[in-house]
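Worksheet: one structure, shown below.
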Amino acid sequence: MSHTVGILGATGAVGQRLVQLLDPHPEFDLVALTASDDSAGKSYREAAKWRLDFAIPDAVAEMTVRRTDADDIPDDVDLLFSSLPSSVGERVEPGLCEAGYVVSSNSSNDRTADDVPLVVPEVNADHIDLLEVQRDERGWDGALVKNPNCSTITMVPTLAALDRAFELDAVRVSTLQAVSGAGYDGVSSMEIIDNAIPHIGGEEQKMESEARKLLGGFDGAAVSWHDADVAASCNRIPTLDGHLENVWADLGEDVTTEDAADALREFPSLDLPSSPDPLIHVFEEPDRPQPRLDRMRGDGMAVTAGGFRETSGGVQYNCLAHNTLRGAAGASVLNGELLADSGYI
Ligand SMILES: NC(=O)C1=CN([C@@H]2O[C@H](COP(=O)(O)OP(=O)(O)OC[C@H]3O[C@@H](n4cnc5c(N)ncnc54)[C@H](OP(=O)(O)O)[C@@H]3O)[C@@H](O)[C@H]2O)C=CC1
Ligand SMILES: N[C@@H](CC(=O)OP(=O)(O)O)C(=O)O
């Protein structure tokens, strides 16, 4: 069955990735695009500073950009994907849900709120039913579901696999993050060329909290966060797309690299249109994954891992995912597919 969908913040970096994924989507029909008041009233072609390496899809280029306001969005849109700056998302998303819209959001506001499901479908699809609690508590006809931060998404499927096979006690992670994560105007070329920046505001705290919520249990009423101790250190490097992460997982027991790699390899995917199969690709080569070579694995939706080493009571490895596909737009689309599959739209 087909559903009508719209994009909030459609002209931005993540919004353009949403256009890329939704224009050919087999189940979603893209009918509305919004942005700031400066863009409203213009054609998408005029309003968007298009940065992807293919032409704007014909069906989208001449659509008129709308204001990000319930009064300007058709009432019968089944699902809105939100890629607004978090300060804007915080202000407008709850109002849209109150007005009856179902919103799958990539923005960081409200990700750790008690009644907002934070979901990576292959990891914690059951958390989607927190929407029943949300609707009861807030009296909404609409609903708000979030995907996590791109650095968090990159490591969480691998941690979920290790937690199911062994038991996750603690995680230490250091990131090498691509410039697209900061948005097109986020890091200037003079700052990043020939350089690395060991600071991304708020990123460590997001990885530490969002990972524990995603890996937690849901009893039908509330999510109990996983009690693993998670600590992160985040760095920006001059790659375009693809976040690479060095992970130390403490599993409370010695495990072989083969057993750890098998746990990742065997972690199941889902039968949703955007879920890759396999979800986690494990490399034998010690120098993989690499951003340029491996970010498009599974159409940019797979997580890749490799470089396993035994540590005392655990394992060390590297993992990678495409930050604006699996880590942002693709993650929101997957949550939209889960909302459809679960009957919320
Ligand atoms: N999951 C993840 O880890 C990632 C998440 N993100 C998040 O996604 C969101 C979007 O990021 P990105 O695409 O890089 O941002 P951009 O700045 O590229 O795009 C922002 C979009 O929001 C619109 N917008 C800005 N201000 C307003 C406003 N006041 N009212 C309505 N619309 C507005 C812009 O419209 P206009 O063109 O008219 O200004 C544009 O469409 C952010 O919250 C970011 O943190 C980003 C990357 C990865
Ligand atoms: N901070 C991430 C991208 C991002 O926007 O994250 P969030 O969705 O948590 O705001 C990066 O720079 O790579």
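With point charges of +1 on the Cβ of Lys and Arg and -1 on the Cβ of Asp and Glu, referenced to the Cα centre of the chain, which listed residue (149, 117, 198) lies farthest in the positive direction of the dipole?
198
Using +1 at the C-beta of Lys and Arg and -1 at the C-beta of Asp and Glu, which of 216, 1, 322 has the Cα lying farthest in the positive direction of the dipole of the chain?
Of 216, 1, 322, it is 322.
Could you compute the net charge surrounding residue 33? Neighbours are other residues with a C-beta less than 15 Å from the C-beta of residue 33; K and R count +1, D and E count -1. Don't jump to the answer; show the numbers that get you there.
On the way: positive: 17, 42, 45, 49, 66, 67; negative: 23, 29, 37, 38, 46, 58, 62, 69, 72.
Summing Lys and Arg as +1 and Asp and Glu as -1 gives -3.
With +1 on the Cβ of every Lys and Arg and -1 on the Cβ of every Asp and Glu, and nothing else charged, how large is the dipole of the chain about its Cα centre, in debye rounded to the nearest 20?
Numbers: 25 positive and 60 negative charges, 234 e Å.
With only Lys, Arg, Asp and Glu charged at Cβ, the dipole is about 1120 debye.
In whole Hz, what ³J(HN,Hα) sequence does region 325-342 give by Karplus (6.51, -1.76, 1.60; θ = phi - 60°), x for Gly and Pro?
Ordered by residue, 3J(HN,Hα) equals 9, 4, x, 8, 4, x, 5, 5, 5, 4, 5, x, 5, 5, 4, 5, 5, 8 Hz.
State the answer as a single residue: which of 179, 235, 291 lies farthest towards the positive end of the charge dipole of region 150-322, with beta carbon charges of +1 for Lys and Arg and -1 for Asp and Glu, about the Cα centre.
Going by the Cα projections, it comes out as 179.
Work through the residues other than residue 341 whose Cβ is under 10 Å from its Cβ and net out their charges, Lys, Arg +1 and Asp, Glu -1.
-3
Which residues' amide hydrogens lie under 5 Å from the amide hydrogen of residue 108, considering only partners 5 or more residues apart or on another chain, with H built in the peptide plane?
Residues meeting the criterion, in which the H sits 1.01 Å from N, are 86.
Given points 7 Å out from each Cα along the Cα-Cβ axis, report the residue 135 to residue 271 separation in nanometres with one decimal.
Reported label-point gap for residue 135 and residue 271 is 2.5 nm.
What are the ³J(HN,Hα) couplings of region 9-26, residue after residue, when phi is run through the Karplus curve with 6.51, -1.76, 1.60 and θ = phi - 60°? Round to Hz, x for glycine and proline.
Taking θ as phi minus 60°, the curve returns x, 5, 7, x, 4, 6, x, 5, 5, 5, 4, 4, 7, 8, 4, x, 5, x Hz for region 9-26.
Can you check what the net charge comes to around residue 275, using other residues whose Cβ is under 9 Å from the Cβ of residue 275 (Lys, Arg +1; Asp, Glu -1)? List each step's numbers first, then the result.
Details: positive: none; negative: 122, 271, 277, 337.
Neighbour charge sum, excluding residue 275 itself: -4.
Shape call for region 73-199 from the C-alpha gyration tensor, a ≥ b ≥ c root eigenvalues: rounded (a/c under 1.5), prolate (a/b greater than b/c) or oblate? Don't skip to the end; give the middle numbers.
Values: a/c = 2.80, a/b = 1.29, b/c = 2.18.
Oblate, because a/c is 1.5 or more while a/b does not exceed b/c.
So who's got an amide H within less than 5 Å of the one on residue 80, skipping anything under 5 residues away but keeping other chains? H placed 1.01 Å off N, in plane.
Result for residue 80 returns 6, 102, 103, 104.
Mind checking which lysines have their Cα closer than 21 Å to the Cα of residue 146? Skip sequence neighbours fewer than 8 apart in that chain.
Here the lysines satisfying the reach criterion relative to residue 146 are 206, 213.
For the chain, what does -39500 (n - 2.57) per DSSP helix run (n ≥ 4), summed and divided by total residues, give at 222 nm, in deg cm²/dmol to the nearest 500?
Working: 12 runs with 101 residues, N = 345.
Helix-only estimate at 222 nm: -8000 deg cm²/dmol.
Can you list residues whose amide H is under 5 Å from residue 171's amide H, if they're 5+ apart or on another chain and H is modeled 1.01 Å from N?
229, 230, 231, 250
Please report, largest first and rounded to whole Å, the three semi-axes of the ellipsoid equivalent to region 150-322, where each semi-axis is the square root of five times an eigenvalue of the C-alpha gyration tensor. Don't skip to the end; give the middle numbers.
Values: eigenvalues 126, 68, 58 Å².
So the equivalent ellipsoid measures 25, 19, 17 Å along its semi-axes.
Normalise the Cα radius of gyration of the chain by 2.2 N^0.38 Å (N = residues in it) and let me know the number. Present the calculation step by step, with values, prior to reporting the outcome.
On the way: Rg = 19.4 Å, N = 345, 2.2 N^0.38 = 20.3 Å.
Taking N as the residue count of the chain, the ratio is 0.96.
Coordinate-derived values only; no laboratory data. Since the model is a prediction, treat every value here as computed from it, not as a measurement. Don't worry about glycine lacking a Cβ; one is built from the backbone with ideal geometry, like all the others, and counts go over all protein chains shown.
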